[in-house]
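Below: the structure, in structure tokens.
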């Protein structure tokens, strides 16, 4: 056998071993992974207002908005306090929720890892696999994160500062089969039931995906705690309210390609601040979030 042929045979053998080792590692991880539990914080980081994002994938599973679910998680965890609109005070944080296909969530939130690879990283198995298997890193990519063709439900959360429209933290979660136990009283389980998520397998998986995403937000307390409190700004708003005519976006700058602060649904009421640049007017929403909207999308 020539040297080239020998090297090719060795490479083929190493590749086969890599596939077997990775498959074994993923099976072991799936068997030993503990159920996901909700994170807890010593003190609330502030009030939050939940809004639906552009990727409202829960509708494809015949589910409604996850706002009640996320608010329940916020309350039980002690990490945030759901806003009470009756106080008239702006929310400290605006939290945008999305769900859907893994690619849509990754693209919107900006995540770069697949759910399966993230699971290996969290468990510590990834380092062990990559350390003892030739071409381990390449094989992870070739196998698409070990995801195979199993149905994966993904969710994402993005925390925005209403005072300046900046994204403070993001979190994503992906689930193929939920490990949660439903039917409990109080806390997130009640929120899942109220949102209609506890009675179907898709809803249960989406609940866990949101819990994973929420836990990742809770781990970023430093970035969020340093955010300024929304005060409504010093510019006096005009007396006339504006209504969103079609689904659109509030942007951080008066430009069509400005960073998206939040999605706006048709019929949302906004308060113009009196500032205008070109076709864009500055507005605030009922949560105190400030941004720019095209006048062509208002009535």
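The values are calculated or read from the model by the stated rules, or taken from the named source; none is laboratory data. Keep in mind that this is a model prediction, so the values were computed, not measured. Backbone-built Cβ (ideal geometry, glycine too); neighbour counts: all protein chains shown.
Look at the stretch 218-230: where a residue is farther than 16 Å from residue 47 by Cβ and a partner is surrounded by 15 or more Cβ atoms within 10 Å (Cβ to Cβ), sitting 6+ places away or on another chain with Cβ atoms under 7 Å, you get 220/169; 223/168; 223/169.
So for the stretch 230-253 (the condition being under 28 Å from residue 38 (Cα atoms) and either part of a strand (DSSP E or B) or touching a strand residue (DSSP E or B) at 6+ places or on another chain (Cβ under 7 Å) (or both)), does at least one residue qualify? No, the stretch 230-253 contains no residue that is under 28 Å from residue 38 (Cα atoms) and either part of a strand (DSSP E or B) or touching a strand residue (DSSP E or B) at 6+ places or on another chain (Cβ under 7 Å) (or both).
Of all the criteria given as (1) part of a loop (DSSP other than H, G, I, E, B); (2) over 17 Å from residue 206 (Cβ atoms); (3) modelled with pLDDT of 90 or more, the one not satisfied by residue 63 is (2).
Is at least one residue of the stretch 291-298 modelled with pLDDT under 90 and more than 25 Å from residue 66 (Cβ to Cβ)? Within the stretch 291-298, none of the residues are modelled with pLDDT under 90 and more than 25 Å from residue 66 (Cβ to Cβ).
Filter the stretch 211-229 for residues that are farther than 9 Å from residue 171 by Cα and touching a strand residue (DSSP E or B) at 6+ places or on another chain (Cβ under 6 Å) and give the result. 220, 223, 224, 227 - these are the residues of the stretch 211-229 that are farther than 9 Å from residue 171 by Cα and touching a strand residue (DSSP E or B) at 6+ places or on another chain (Cβ under 6 Å).
Residue count for the stretch 240-280 satisfying the condition of being closer than 19 Å to residue 94 by Cβ and more than 27 Å from the chain's Cα centre (by Cα): 4.
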